[in-house]
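One structure below.
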Amino acid sequence: MAHLTRYTYLSFFALTLFASVIGCGDDEVVDDIGPQVVATPEGIVKGTIIDLVTEQGIVGAQVTLVTEKKLPGGDIEQEDVASTATNSSGDFIFGELKTGEYILKITARGYLGQQGRVEVTRKEPGIVNFRLEPGVRFKGTVISDDGKGVANVLISLGERAAVTSGGGQYDISPVSKGVYNLTAEKPGYHTTHIPGITVGDSDISRKITIRRKAAGQIVFARGNVAGNDFFGISVINADRTGEKPLTHLSDVQPSWSPNGREIAFSRSENRGLPQIYIMDNRGSNARPIRGGHFNDRNPAWSPDGRRIAFIHSRVLGQPALYTMNVNGGNRVRLSDCHADSVPTWSPDGTQIAYSYQPKGEGTRNLFVVDIEAFLAAQEAPPTKAEPEPEIVPEPEPAIPQQPEPEPDPHQTPDEEDKKEGEGNPPQAPSVDPLGIQEGVQRLTTGSNNNFEPSGLESRWLEIGIYQGKFPA
């Protein structure tokens, strides 16, 4: 490469170029640090692009001259003015330039790019050298299994590493050519391993998914507790550890409170009628709900923690859907009968899904009740029918009577009845339709049983059914 002369060094006072390391081909503007540049009286900018390690000129590096313009809203608009590539020695040159400030952007395959500002003036000629670091940018985003970006994830690529930002973005540079193993790790998440990533001359952008570890506890009913045939309530950690029995009586159908501090469940003491109890999440302080009734079962806590939906069966009656306050007050009936499965709340607490076997049908199906609409319909007074105006018919003309025909001695009574019915439209069979009340909507139909719905957060109508078919 050419050596700088004393005359060249003296000319550096006319113009200064600040260059900084950025991504290859990236338009991002960063703090300007770098070599000095001098423009000639003819408006010429020239220089050499050098490999930082070998100190040799880089052939075919792309050099772009850019201007900036400030828009009325304060945004900056960039426009490419000229572009050229370095020759076999790594040199470049721009001529016949207007005076003013420009940005030089340098990119080359297999190198981290640089950029810097230069002001073209009518001064002494000069030369600028850019030293590019070999390698490329390896960047991307880390998301969890719910699709959201994850912050503070440690990304390791070979011996280089980076930590994700608040939105889950990461940037590792420079990365040399080669084959690497990548790991992404964070407490509370399963470590992600991606082997055999090939890095070449171009930047790489990669999305990485990291799965959350199971957290919290699951409450369930277990049979054959303490060597008898009773059921009891137990909990187990979501990672399959720490199973612990909480009760050993005839207890079933547990339901977490929204804050996880209490559990509602059905208890049948001495194998009698079930009643809803509440206990602490450690199994202590079990007590029946005040104001509750026998034959209350299948509790389901509302999302706000204030009410419990449940099934109640009257003596010699059919089960029905009810709600009540956690303290047992404000007991409200929300269905006529046959609501015979665990109810489930919508995430906003305005609707409850349950299974129901309509009268005359041999299978259970899913229904959902809008609580406000149902209660409003129960309180609304019946509407009065408006009287229709009386219409006085015009007198019909007299029709002369015809003598009745003589009966046919060869005609049977059945044939006579059949003749009398000829010409009359067929009558539809009488059907007892399903009486669905105001505020209740049917979700499923079919010949299979559909029951035990489960509300899913943000997607409640995608009912999870343990058995049966969802409507097409």
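The values are calculated or read from the model by the stated rules, or taken from the named source; none is laboratory data. These numbers come from a predicted model, not from an experiment. Positions of Cβ are backbone-derived with ideal geometry, glycine not excepted, and every protein chain shown enters the neighbour counts.
Taking strands (runs of 3 or more DSSP E) that fall entirely within the stretch 210-310, which contain at least 2 residues that are over 21 Å from Pro343 (Cα atoms) and not assigned by TED's automatic domain parsing to the domain that holds Lys148?
Hits in the stretch 210-310: 232-237.
Please state which of the following conditions Ser89 fails to meet, knowing it meets all the rest: (1) polar (S, T, N, Q); (2) surrounded by fewer than 22 Cβ atoms within 10 Å (Cβ to Cβ); (3) free of Cβ contacts under 8 Å to residues at least 60 places away in the same chain.
The number of the failed condition is (3).
Here is a yes/no grid of residues against (1) touching a residue at least 24 places away in the same chain (Cβ under 8 Å); (2) under 48 Å from the mean Cα position of the chain (by Cα); (3) more than 30 Å from Val53 (Cα to Cα):
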| residue | (1), (2), (3) |
| --- | --- |
| Gly74 | no, yes, yes |
| Ala85 | yes, yes, no |
| Glu96 | yes, no, yes |
| Arg117 | yes, yes, no |
| Val128 | yes, no, no |
| Asp146 | yes, yes, yes |
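In the stretch 250-308, what count of residues is obtained for those that are within 24 Å of Asn237 (Cα to Cα) and not charged (D, E, K, R)?
Total satisfying the criteria: 29.
Sort through Arg267, Arg287 and tell me the only one that's among the basic types (Lys, Arg), closer than 28 Å to Phe310 by Cβ, surrounded by fewer than 17 Cβ atoms within 10 Å (Cβ to Cβ) and without any contact (Cβ under 8 Å) to a residue 24 or more places away in the chain.
The conditions single out Arg287.
Would you check if Val175 is surrounded by 14 or more Cβ atoms within 10 Å (Cβ to Cβ), under 24 Å from the mean Cα position of the chain (by Cα) and closer than 16 Å to Ile204 by Cα?
No; evaluated as a whole, the condition is false for this residue.
If you check Gln78 against the conditions, is it exposed (fewer than 15 other Cβ atoms within 10 Å of the Cβ) and either closer than 30 Å to Ser176 by Cα or touching a Ser or Thr at 6+ places or on another chain (Cβ under 9 Å) (or both)?
Considered against the rule, which asks whether it is exposed (fewer than 15 other Cβ atoms within 10 Å of the Cβ) and either closer than 30 Å to Ser176 by Cα or touching a Ser or Thr at 6+ places or on another chain (Cβ under 9 Å) (or both), Gln78 comes out as yes.
Mind checking which pairs have a first residue in the stretch 348-368 that is within 16 Å of Pro319 (Cα to Cα) and a second that is among the basic types (Lys, Arg) and buried (at least 23 other Cβ atoms within 10 Å of the Cβ), Cβ under 8 Å, 6 or more apart or different chains?
Ser355/Arg364; Tyr356/Arg364; Gln357/Arg364
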